[in-house]
Amino acid sequence: MSERPVIEINGLRKTFGAIEVLKGVDLSIMEGKTTVIVGGSGQGKSLIIKHILGLIRPDSGSVQVYGKEMSNIGKKDLKEIRMDFGVLFQNSALFDSMTVFDNIALPLRERTHMSEEEISDIVNDKIEMMDIVGSNEKYPAQLSGGMRKRVGLARALVLKPRIIFFDEPTTGLDVAKSSELYRIFFHTQQQLKYTAVIVSHDVPKIFKLADYVALLNNGVIQGCLPPEEFQLSDDPVIKEFVETTMGPLYSGEMEV
Amino acid sequence: MFDLLEKLGSYCLYHVNQIGRMGMFLFYALLSIIRPPYKIYPIIRQTYLIGTLSIFVIIFIGAFTGMVLALQGYHTLSKFGAEGLLGSAVALSLIRELGPVLAAIILTGRAGSAMCAEIGVMRNSEQIDALECMAIDPYKYIMAPKFAAGIISMPLLTAIFIVVGIAGGYAVGVGMLGANEGMYFSSMYNDVTFDDVYMGIMKSLCFGVLIIAICSAKGYFVHLIRGGGFGAEGVSKATTDAVVLSCVTILLFDFIITSVLL
Ligand SMILES: Nc1ncnc2c1ncn2[C@@H]1O[C@H](COP(=O)(O)OP(=O)(O)O)[C@@H](O)[C@H]1O
Ligand SMILES: [Mg+2]
């Protein structure tokens, strides 16, 4: 099967005030694959995702989704592309004056012509899948951070997206819950065959899920490699990242 | 010297930019009312929040405005022996000026500020970004019901204000000060023309759109206000700005509309 990039980022630069956060990011996201972006806090991982979503304009460089340039795309095309997106923001970005149920139902109500019963079925299904049964009538402020994440995930998956963006989906979840979540990702991706872009600190667990791992360091992407190659890479920056996050056990010493 | 020029230039640019943004905002928001799909429930809900919940304040202030008008009017008119004109004086000032303007200022304080804060919080917590990423148009989803509700509510609230004001004027003028009951209403009947009512309706419609536009735009662009601070402070600054700017704009447009229609 030939791989074809759905998202292509070339020479993306972004400066805030005096600080250049992104210094020429190049990244291709392949169709149907899971690409995981790792890197320290504040490196600009969320920023890359916001550029792909078309929420922020680059200072220079290009961001293309389905071959369309996001910085000068028309309103209609942009809407069409976003129809395919499922997004989990880092802070979940739930609608805080709506109940959990209404949050998840919103995309269905606004974008489809389903009846309330059909919507209710789908939403309850997702609520069960995310293990947040019994919170239907609660408001986001009444939930824990981890539960909010799961509501956000349910909302992102409810319309069967073709490209998903998850910004730190497991931060704030306990180990059992995050393993469960990875199982859910695995199954839904097998079913829906979506393209996934995941920002995560969950090294090495996330490597099991990833087809490609990209390390964002100092404003540039250091290699976008399959996880096995990533772990064994000779690149000093990647090597250091692997050693500090996973301990020497997984890295070079293994071969000795 | 150059420093000063540069500051002046960037100040002007910033404000020209802001006015342009407001204009585009108003354009898109009004356009989104016309564009399908049409959903009636959000409009009813917003009309309830903006209109229905304002009725009590409107009645209260309307009544006192009418009463004070009658007191002042009777005092002045009786100097010329023209107490008979009390009814028309009260009604005309309410219909042409005080009704639309005061109702608009009340609505700014009651609903406009709340709207600005609500949308500002949505912006700050990335809820608006989330809507956009779900391919849901924030203009259609958030703004259209608010604008529709403003356009529906404002003339009705103004009408209530005026009717209650006239009743208040009647209570004080006829009940307390002993003006002639028949004259109160017949002078009103003779002097109030359709043009006066038309002016009142036009004003209230314009003010309604202006209030909603200014207050929701200030919230929507809360992240772009220069020197506005961040988070809660940014929202509080935006809300203050929205109320002040709305009131100033209402008075400015009151003058413009009056001079055009007179
Ligand atoms: N809207 C903004 N204004 C100013 N600076 C920003 C903005 N958004 C992000 N940044 C800066 O960009 C950097 C990267 O942020 P982010 O993408 O959130 O990092 P992370 O990799 O942790 O997700 C941070 O240093 C942050 O200060
Ligand atoms: Mg982040």
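A quick yes/no check of all residues on (1) buried (at least 19 other Cβ atoms within 10 Å of the Cβ); (2) not polar (S, T, N, Q):
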residue	(1), (2)
B:G178	no, yes
B:S186	no, no
B:D191	no, yes
B:Y198	no, yes
B:V209	no, yes
B:A217	yes, yes
B:G231	no, yes
B:S236	no, no
B:S246	yes, no
Please count how many residues of segment A:67-126 are more than 22 Å from A:F165 (Cβ to Cβ), more than 14 Å from chain B (Cβ to nearest Cβ) and hydrophobic (A, V, I, L, M, F, W, C). 2
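Output the residue which, of all residues in segment A:21-64 that are small (G, A, S) and away from ligand 2 (no atom under 13 Å from the Cβ), is nearest to the other protein chains (Cβ to nearest Cβ).
Selected residue: A:G54.
So which residues in segment A:89-105 are within 16 Å of ligand 1 (Cβ to nearest atom) and either in contact with a Pro (Cβ under 9 Å, 6 or more places away or on another chain) or under 14 Å from A:A141 (Cβ atoms) (or both)?
Answer for segment A:89-105, where residues must be within 16 Å of ligand 1 (Cβ to nearest atom) and either in contact with a Pro (Cβ under 9 Å, 6 or more places away or on another chain) or under 14 Å from A:A141 (Cβ atoms) (or both): A:N91, A:S92, A:A93.
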Determine whether segment A:28-36 contains at least one residue that is over 21 Å from A:F207 (Cβ atoms) and in contact (Cβ under 8 Å) with a residue 24 or more places away in the chain. no
From the list A:I48, A:I52, A:I56, A:I37, exactly one residue is within 13 Å of ligand 1 (Cβ to nearest atom), open to solvent by 30 Å² or more (accessible area, probe 1.4 Å) and not charged (D, E, K, R). Which is it? A:I56
Scanning segment A:139-152 for residues that are in contact with a Leu (Cβ under 8 Å, 6 or more places away or on another chain) and away from ligand 2 (no atom under 16 Å from the Cβ), which turns out nearest to the other protein chains (Cβ to nearest Cβ)? A:P140
If you take the residues in segment A:7-20 that are open to solvent by 40 Å² or more (accessible area, probe 1.4 Å) and outside any loop (DSSP other than H, G, I, E, B), which one is nearest to ligand 2 (Cβ to nearest atom)? A:F16
Look at segment A:151-165 and say how many of its residues are in contact with a helix residue (DSSP H, G or I) (Cβ under 7 Å, 6 or more places away or on another chain) and within 16 Å of ligand 1 (Cβ to nearest atom). 1
Name the residue, out of B:Y141, B:Y170, that is within 14 Å of chain A (Cβ to nearest Cβ), over 26 Å from B:G229 (Cβ atoms) and open to solvent by 30 Å² or more (accessible area, probe 1.4 Å). B:Y141
For A:Y212: the one exception among (1) within 16 Å of ligand 1 (Cβ to nearest atom); (2) crowded, with 20+ Cβ neighbours inside 10 Å: (1)
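Residues checked against (1) open to solvent by less than 30 Å² (accessible area, probe 1.4 Å); (2) touching a residue at least 12 places away in the same chain (Cβ under 8 Å); (3) under 26 Å from the mean Cα position of the chain (by Cα); (4) under 14 Å from B:G169 (Cβ atoms):
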residue: B:I105; (1), (2), (3), (4): no, yes, yes, no
residue: B:A111; (1), (2), (3), (4): yes, yes, yes, no
residue: B:G120; (1), (2), (3), (4): yes, yes, yes, no
residue: B:S125; (1), (2), (3), (4): no, no, no, no
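Quick check: anything in segment B:145-160 among the aromatic types (F, W, Y), under 30 Å from A:K76 (Cα atoms) and either within 14 Å of chain A (Cβ to nearest Cβ) or in a loop (DSSP other than H, G, I, E, B) (or both)?
no
The values are calculated or read from the model by the stated rules, or taken from the named source; none is laboratory data. It should be emphasised that the depicted structure is a prediction, and the values quoted were computed from it without experimental measurement. Counting neighbours? That spans all protein chains shown, and the Cβs are built from the backbone with ideal geometry, glycine included. What goes into the accessible areas is simple: the full protein's heavy atoms, side chains included, and nothing from ligands, DNA or RNA. Shrake-Rupley method; radii C 1.70, N 1.55, O 1.52, S 1.80 Å.
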